[in-house]
Structure formats: C-alpha cells, structure tokens
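> Below you will find the structure I want to go over with you.
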Amino acid sequence: MINKLKSLLGRRQGKDAEITADAETLKLATAALLMEAACMDGHADEGEIATVTALLGEHFDLQPAEADELTLAAREAVAKSVELYGFTRVIKDSFNHEDRVRMIEMLWQVAYADGILHEFEANLVRRVCGLIYVPDRESGEARKRVLEQLDLNGTDVS
C-alpha cells in the first residue's frame with residue numbers, strides 16, 4: 001500500500017493526461033487528504049487521527065485493521081509529500097460531484113475533530129475545494145452540517 005501511494009505521489013501528469021484511479025489509489029488519495037487536514041495545524045492529536053480512521057472505515061466500508069493501515073499509509077505519505085495536486089487530481093477525476101462534496105465534509109470533520117478550527121486547516125479546505133471543483137456555498141453547507149453534528153458554534157478559528 002505504501003508503494004502504491006509513493007507511485008501516486010511520484011507521478012507528474014500533463015493537463016490533458018488522464019488518471020485512471022483504481023479503488024486502492026482512490027482510498028489512498030482520500031486518506032492522504034484527510035491526514036493532511038489532521039496535520040495542518042502542526043500536529044495531529046489522537047482525536048484527529050481517530051476521526052480520520054473512523055471516516056475512512058465508514059466511507060469505504062473497511063474493517064478497523066484496514067482503516068488503521070490506510071491511516072498509517074496516509075500519515076507516511078503526508079510526511080513525505082509537499083503538494084496536494086496528486087491527491088486532489090485523483091479525487092477530482094474519480095469522484096462524482098456528490099462524493100466530492102462528501103470529501104469536503106469529511107475534511108471539515110477532521111479540521112474540527114479537536115473542537116477548534118485552525119486557520120491553516122480552513123485554508124486547506126478552501127484550497128481543496130478549488131482543486132476538486134466544490135463551490136464555496138456547498139463547502140459552507142458541509143461545514144454547517146459538521147458543526148451541527150459536533151455541536152459546535154464555528155466561531156473559534158485560531
């Protein structure tokens with residue numbers, strides 16, 4: 001799994017090149033974006049890691065051990081990666097619009113997992129929205145759903 005993610009990160013695609021993402025590559029790209037959100041404030045606490053693992057398990061119908069392995073692979077990939085483009089390209093090309101909005105909602109869930117939205121986390125979600133073509137309005141709606149689920153007021157940005 002780690003080698004597959006390294007391969008994904010190592011690819012450089014031209015504007016017209018097509019990426020055919022298999023299920024494993026799609027899982028890895030999704031996990032890496034979620035882990036990027038968890039690490040964006042400078043550290044990933046246990047609550048954020050647990051949220052990433054739970055979201056992956058739920059979204060991809062994974063067993064706990066599979067979700068843990070995917071989370072670990074994503075954590076290693078994020079530590080070695082310097083760009084979002086490879087991950088977001090797979091998501092944009094493979095997910096339909098509804099799934100891309102769900103991806104943004106999952107990013108908001110990870111960003112708010114510790115109860116506080118860091119400005120770097122908010123910036124990451126905005127950048128990913130632009131890269132996977134999710135309008136601000138739909139991102140805002142996804143954020144509101146997450147705030148309601150977590151019973152937060154959403155005014156805390158550090």
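> So which residues in region 52-89 are within 15 Å of R102 (Cα to Cα) and crowded, with 19+ Cβ neighbours inside 10 Å, if there are any at all?
Matches in region 52-89: V52, L55, L56, T88.
> If L152 satisfies every condition in (1) at pLDDT below 95; (2) loosely packed, with under 14 Cβ neighbours inside 10 Å but one, which is the exception?
L152 satisfies every listed condition except (2).
> Please list, ordered by residue number, the helices (runs of 4 or more DSSP H) wholly in region 76-158 having 2 or more residues that are in contact with a His (Cβ under 9 Å, 6 or more places away or on another chain).
Because the criterion is at least 2 residues that are in contact with a His (Cβ under 9 Å, 6 or more places away or on another chain), the helices (runs of 4 or more DSSP H) in region 76-158 that meet it are 97-111.
The values are calculated or read from the model by the stated rules, or taken from the named source; none is laboratory data. Please read all numbers here as calculations on a predicted model, not as lab measurements. Every residue, glycine as well, gets a Cβ built from its backbone with ideal geometry; the counts of neighbours run over all protein chains shown.
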